[in-house]
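Beneath this line is the structure, given in C-alpha cells, with notes to follow.
The values are calculated or read from the model by the stated rules, or taken from the named source; none is laboratory data. All values reported here derive from a predicted model rather than from experimental measurement. All Cβ positions, even for glycine, are placed from backbone atoms using ideal geometry, and neighbour counts span all protein chains on display.
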C-alpha cells in the first residue's frame with residue numbers, strides 16, 4: 001500500500017492491500033467515493049470537520065488518486081469508458097476542493113505524504129469492500145527500519161536511460177581528494193573541538209573567493225558580483241560549499257551556475273516541496289541549454305535523460321535506490337538545515353546519496369544551501385559537514401584532516417581553535433548578509449516563488465480554468481456566427497476577443513455556470529495559503545521577522561494556524577480590530593524579539609503603518625493592482641529601513657495566477673514610463689481582470 005512508509009507504530013501489523021478483483025453486481029468504487037465525499041462536504045458546511053470526517057476526507061482523496069491511476073492503466077477499457085470514469089472522478093475531486101474551501105485545515109491531508117492512521121486504514125478497507133473490491137492483507141515491517149523500503153520505485157524513463165547506456169562506469173577522471181596520512185592528530189578526538197571552534201566566534205565565516213571573471217550567464221543574464229564570485233570559485237576547481245547567504249541573495253542561481261562552471265552534470269537537486277517548481281523555473285532561466293526534470297510522486301512523468309533532476313525531501317525515500325546509481329556528478333541540498341537531525345529519514349537518505357555519489361565520482365560538486373546553518377546549537381553542523389564529505393561519524397576526512405595537520409597544533413594549544421575554524425571555513429563555507437553586499441542588490445525587489453497545487457484541489461482549479469476558457473471560446477464563436485454579414489477578419493479577431501472578455505467580466509447573471517476570474521483567484525489564494533505560510537515560517541527561522549500579507553480572512557486563518565502549530569509567535573492586523581488592538585499587535589511585532597511574523601490584511605494594513613523592523617515580505621495572494629502591492633511592500637521599504645527589502649510573491653504554477661502576475665507587472669512598467677516616477681495609479685483592478693480574460697481567450701483560440 002502507498003502509505004506503508006508513513007506508519008508511526010513500531011509494531012508489525014496487517015495492512016490492507018487492494019487486489020483489483022471485483023465482486024459480482026457491484027458498481028465499483030466511484031459511487032462509494034461520491035457518497036462519502038458528499039457526507040464530508042455536508043459536515044464542512046456546518047462547521048469545522050470532526051476527526052472522523054477528516055479521516056474520511058483523506059481516504060477519499062487517496063482512493064481517488066488510486067482509481068485514477070488504475071483507470072489510466074486499464075488497457076482493456078475503451079477510450080469512451082475511460083473518459084467517462086475520469087470525468088466522474090473529477091466530480092469527486094471538485095467536491096474535495098469545495099470542502100477545502102469550507103475548511104482549509106484539511107488541505108494538508110491531500111498531501112500524498114500525510115500520515116495515514118490505523119483508522120484511515122480500516123476505513124479504506126471498508127470502502128473497498130463496499131465497492132466489491134477484494135482486499136488482502138500483508139505484513140508491514142517496522143517503519144523504523146530503513147533497510148527495507150516498501151515504497152521504492154524506478155520510473156520507466158530511468159529504465160530507458162539505463163538501457164540506452166548500460167555500461168555507465170564510475171567517473172574517476174578527476175583526481176580524488178588526497179587522504180591525510182596518520183600523523184600527530186591521528187589519536188585525537190577532533191570533531192568536538194571543531195564544533196567548539198565556531199562557538200568562540202571570530203573573523204568572517206566566508207572562505208576566500210576569487211574576483212569574478214565575468215558577470216554574464218549562459219542565458220544572457222547579468223550576475224551580481226557576490227554571486228559571480230562563487231561561480232568563479234567553482235570554475236577554478238573548488239567543489240564543496242556550505243552556501244549560507246541570507247535569503248534574497250540568489251543562492252539558487254549561484255548553485256545552478258556553479259554546476260555549469262564545474263560541468264557537474266547530471267546534477268541532483270533535493271529541495272522542500274514548496275520550492276520544487278521554482279528550482280525548475282530557475283534552471284530554465286539561468287542554464288537554458290540544460291534540460292531539467294522534476295520528480296512528482298512515483299516519478300511517472302520524469303525525463304530520465306535530463307541534465308538536472310529535482311526531487312523533494314518528502315518523496316526521496318521512494319527514489320533513493322535508483323538515484324544513487326544514476327551517475328550524478330553533482331548534488332545540491334536546498335534548505336540544508338532540513339537534514340540536521342541525522343536520525344531522520346530525510347537526513348539518512350541525503351547522506352547515503354552523497355556517499356554513493358562521492359564513491360562514483362572523484363570530485364563531485366556538493367553544495368548545501370541554507371540561510372540558517374545553525375538553528376539550535378553547533379552540533380547542527382554535523383550532518384551538513386558529513387554530506388559535504390568533510391567529516392564522517394568519528395573524524396575529519398581528506399583535505400580537512402590534512403589542513404588541520406598542517407597547522408602544527410593540537411587542541412591543547414591556544415591557537416588551535418582559531419586555526420581549526422579557518423581550516424573548516426576554507427573547505428567551502430560562504431556566508432554573506434544583505435547588508436554586506438547591499439551595493440550589489442536593489443534596495444527593493446520582488447521575487448516570484450512558483451508553487452505547485454497538487455492532487456484534487458489543483459486539478460479542480462485547473463479544470464475550472466479550462467471551463468472558463470471554453471465558455472469564452474463559445475461566446476466568441478457565437479459572436480462570429482451572428483455578427484453582420486460581410487465582416488471578415490483573417491485569423492483571430494482581437495477586437496472581438498476584447499469585447500467577449502468585457503461581456504464575460506460584466507456578466508453577473510445567476511444563470512451563468514462556472515466561476516468568474518475573481519472567484520477563481522480567490523480559490524487559488526485559498527489553495528496557496530498553506531504553502532505560503534510554510535515559506536514564511538522558513539524565512540522567519542532563517543532571517544528573523546517577516547511580514548505576511550493576504551487578501552482574504554480564510555487565508556490569514558490558515559497562516560496563523562500553521563505558525564501556531566510550529567511554535568512561531570505572531571501578531572496580526574485585520575479589518576475588524578479596534579485601534580487599541582491594532583496598535584498593540586504592531587507594537588508586539590516591532591518591539592518583541594520573540595514575535596517573528598505579523599499576518600496582515602492587504603486592505604487593513606496596506607497603508608499607514610511602519611514595519612521596517614523586517615526586510616522580508618511574503619505576498620500570499622496577488623493584488624489586482626500594482627498600487628496595492630506596492631503599498632504593502634512599502635510598509636517595510638520606507639525611511640528607517642537599513643537593509644534591502646525582498647518581497648516574495650507566491651505564484652500558483654500552471655494556473656492563471658502567473659498570467660495575472662505578469663499583467664500587474666506590465667501595468668507597473670506602464671506607470672513608471674508614463675509618469676516618470678509618479679506614484680499615481682495607472683489602470684485599475686478592472687483593467688487587470690479584463691486583460692486576464694483577454695489572455696485566456698487568446699491562448700485558447702491559438703491552441704485549437
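Does at least one position in the range 94-114 carry a residue that is surrounded by 14 or more Cβ atoms within 10 Å (Cβ to Cβ), over 28 Å from the mean Cα position of the chain (by Cα) and in a helix (DSSP H, G or I)?
No.
Which condition from (1) at pLDDT below 90; (2) surrounded by fewer than 22 Cβ atoms within 10 Å (Cβ to Cβ) is the one that residue 263 breaks?
So the condition that residue 263 fails would be (1).
Among the residues in the range 445-467, are any in a helix (DSSP H, G or I), modelled with pLDDT of 90 or more and over 26 Å from the mean Cα position of the chain (by Cα)?
Checking the range 445-467: not a single residue is in a helix (DSSP H, G or I), modelled with pLDDT of 90 or more and over 26 Å from the mean Cα position of the chain (by Cα).
Can you tell me which residue in the range 280-301 is farthest from residue 652 (Cα to Cα), limited to those that are surrounded by 21 or more Cβ atoms within 10 Å (Cβ to Cβ) and more than 17 Å from the chain's Cα centre (by Cα)?
Going through the qualifying residues, I end up with 287.
Among the residues of the range 417-436, write down those that are buried (at least 19 other Cβ atoms within 10 Å of the Cβ) and assigned to a helix (DSSP H, G or I).
If the condition is that a residue be buried (at least 19 other Cβ atoms within 10 Å of the Cβ) and assigned to a helix (DSSP H, G or I), then 417, 420, 421, 423, 424, 425, 434 are the ones that fit.
Matching residues to (1) in contact with a helix residue (DSSP H, G or I) (Cβ under 8 Å, 6 or more places away or on another chain); (2) part of a loop (DSSP other than H, G, I, E, B); (3) without any contact (Cβ under 8 Å) to a residue 12 or more places away in the chain:
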residue	(1), (2), (3)
337	yes, no, no
342	yes, yes, no
350	yes, no, no
368	yes, no, no
382	yes, no, no
393	yes, yes, yes
404	yes, no, no
410	yes, yes, no
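Only residues that are closer than 28 Å to residue 432 by Cα and part of a loop (DSSP other than H, G, I, E, B): list them for the range 540-566, please.
Selection gives 544, 545, 566.
Answer yes or no as to whether residue 631 is surrounded by fewer than 22 Cβ atoms within 10 Å (Cβ to Cβ) and within 14 Å of residue 551 (Cα to Cα).
yes
Tell me which residues, restricted to the range 292-316, are farther than 20 Å from residue 452 by Cα and in contact with a helix residue (DSSP H, G or I) (Cβ under 7 Å, 6 or more places away or on another chain).
Passing the criteria: 304, 305.
Can you confirm whether the range 315-323 contains a residue that is out of contact with any strand residue (DSSP E or B) (no Cβ under 6 Å at 6 or more places or on another chain) and in a loop (DSSP other than H, G, I, E, B)?
No.
Report, by residue number, each residue of the range 319-333 that is more than 21 Å from residue 260 (Cα to Cα) and surrounded by 24 or more Cβ atoms within 10 Å (Cβ to Cβ).
319
Here's the yes/no breakdown for (1) in contact with a strand residue (DSSP E or B) (Cβ under 7 Å, 6 or more places away or on another chain); (2) modelled with pLDDT under 80; (3) farther than 26 Å from residue 33 by Cα; (4) surrounded by fewer than 15 Cβ atoms within 10 Å (Cβ to Cβ):
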{"position": "127", "(1), (2), (3), (4)": "no, no, no, no"}
{"position": "136", "(1), (2), (3), (4)": "yes, yes, no, yes"}
{"position": "146", "(1), (2), (3), (4)": "no, yes, yes, yes"}
{"position": "158", "(1), (2), (3), (4)": "no, no, yes, no"}
{"position": "163", "(1), (2), (3), (4)": "no, yes, yes, yes"}
{"position": "169", "(1), (2), (3), (4)": "no, yes, yes, yes"}
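Please give the number of the condition residue 85 fails out of (1) under 26 Å from residue 463 (Cβ atoms); (2) modelled with pLDDT under 85; (3) buried (at least 16 other Cβ atoms within 10 Å of the Cβ).
Unmet for residue 85, out of (1) under 26 Å from residue 463 (Cβ atoms); (2) modelled with pLDDT under 85; (3) buried (at least 16 other Cβ atoms within 10 Å of the Cβ): (2).
In contact (Cβ under 8 Å) with a residue 60 or more places away in the chain and either outside the structural domain of residue 592 (by TED's automatic domain parsing) or surrounded by 22 or more Cβ atoms within 10 Å (Cβ to Cβ) (or both): does that describe residue 529?
Yes, satisfied.
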